[in-house]
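Every number here is computed from the coordinates shown, using simple stated rules; none is lab data. Owing to the predicted nature of the structure, the values given are computational and were not obtained by experimental measurement. Counting neighbours? That spans all protein chains shown, and the Cβs are built from the backbone with ideal geometry, glycine included.
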Amino acid sequence: MAQDVAQKLRLTSALLGTVTRKDLAAAFRAINPKTGFDLGRADKWLQGRAQPRELSVYDDWSRLLDLEQPGVWIAESDLPAFTAAICARHGIGKAELERRAGAPPKASAHEDRSVGAALAGAYACYSQALSPYHRGQLIRGSLSIKAGPEGHGLTASYREILPTGQLLISGPVSLAKRGLYAHLKETDGDAHFFFCLFPQSQPGSVLGGYMCGGAIIGPEPQPSLTRILIVRLRDPAPEAWGGYLSSDRSIAEDLAALGLIIERPEAVDRQLAQFLIGDSRDGGASQIPTAEFHAILETFDRQWLRQPA
């Protein structure tokens, strides 16, 4: 299985001196005019969202780097071995090559800025409490998504207010055709959570999907999976907002307290409760029916568009 493809491509680009992804694709075409390395797919490969499936791409890659190893070696080698091989072959120091590869080849500035504008903002999150001591309750969390310098790249920070203190995790957000993904972790701790969400849509009033991680409060760190709803806010939630929400509390009222205008709150509560509690009923994989999420998406999109900017 291929590994570290994005970083290997960045090192390759740094070695060749290619400035843009278009330049890198042209270098592959110079080796093989019919190469499977094309600009469209290279965007995903360089972002770590996908990897080449055709072995011929790795064979072209090996020829491009003038390596003695076959293409499959490029795919399967670990990053240190790959770096050492190309440094030795081309007489460049590892530190210098890694310095040059500090920034990935540029993508379209318009593309990155439009993605950042669509997702950047403040959100209120609702999911099932993972702690066995709070079974049946919801946990509220604050999410902030920010675009990097000049609109390039997205990072997310997620915060929960727990009885034991604040949980704060952060990390990169990855976009793909089939979903939106984020691997968030503590800076000064060992908590890791993975978000697997439906792809973003316009106007982007709500995100939804699964959150996976270990229970923070409990006798043992059980691997856990819960559905999560991520509702866009006009303004960030107060610093002290969050924590557990008992099953008899209204999510619609909770959102209204954060400044959202919620029409037909009782119907919205039923819809959200069904989404957050419901899961696989046939013994198969835990999967959310697309129609179920889209019904919530339509509800919030309509309300978002009716509110003043």
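Ranking of 67, 272, 225 by neighbouring Cβ atoms within 10 Å, starting from the fewest: 225, 67, 272. Computed from Cα atoms, the angle from the helix 265-277 axis to the main principal axis of the chain rounds to 50 degrees. Relative to the longest principal axis of the chain, what angle (0 to 90°, nearest 10) does the C-alpha long axis of helix 5-16 take? So the helix axis and the longest Cα principal axis differ by about 40 degrees.
Spacing of the modelled spin labels on residue 292 and residue 94, each 7 Å from Cα toward Cβ, amounts to 4.9 nm.
Which of rounded, prolate, oblate describes the range 7-87, given a ≥ b ≥ c as roots of the alpha-carbon gyration tensor eigenvalues and a/c under 1.5 marking rounded, otherwise prolate only if a/b is larger than b/c? Verdict is rounded for the range 7-87. Distance check, please: which entries in 146/185; 34/94; 94/146 exceed 28 angstrom between their Cα atoms? Checking Cα-Cα distances, 34/94; 94/146 exceed 28 Å.
Model label points for residue 50 and residue 212, set 7 angstrom from Cα along the Cα-to-Cβ axis, are 2.1 nm apart. Could you point to the label whose value was computed as P(r) over Cα pairs in 20 Å bins from 0, in percent for the structure here, given (1) 26, 44, 22, 7, 2, 0; (2) 29, 48, 22, 1; (3) 31, 58, 11? Label of the calculated value: (2). With a Förster radius of 45 Å applied to the beta-carbon distance between residue 19 and residue 168, the computed FRET efficiency rounds to 0.75. Rounding to the nearest 10 and keeping the result within 0 to 90°, find how far the Cα-based axis of helix 290-306 lies from the longest principal axis of the chain. Helix 290-306 sits roughly 80 degrees off the main axis of the chain.
Between residue 306 and residue 177, the modelled labels are 3.6 nm apart [label points 7 Å from Cα along Cα→Cβ].
Taking neighbour Cβ counts within 10 Å as the exposure measure, how do 193, 293 sort from fewest upward?
Ascending Cβ contact count within 10 Å gives the list 293, 193.
Cβ crowding within 10 Å ranks 192, 134 as 192, 134, fewest other Cβ atoms first. Simple point charges give the picture: +1 on the Cβ of Lys and Arg, -1 on the Cβ of Asp and Glu, and for the chain a dipole about the Cα centre of about 720 debye.
For a paramagnetic label modelled on residue 72 (point 7 Å from Cα along Cα→Cβ), amide N atoms under 17 Å away are absent within the range 4-44.
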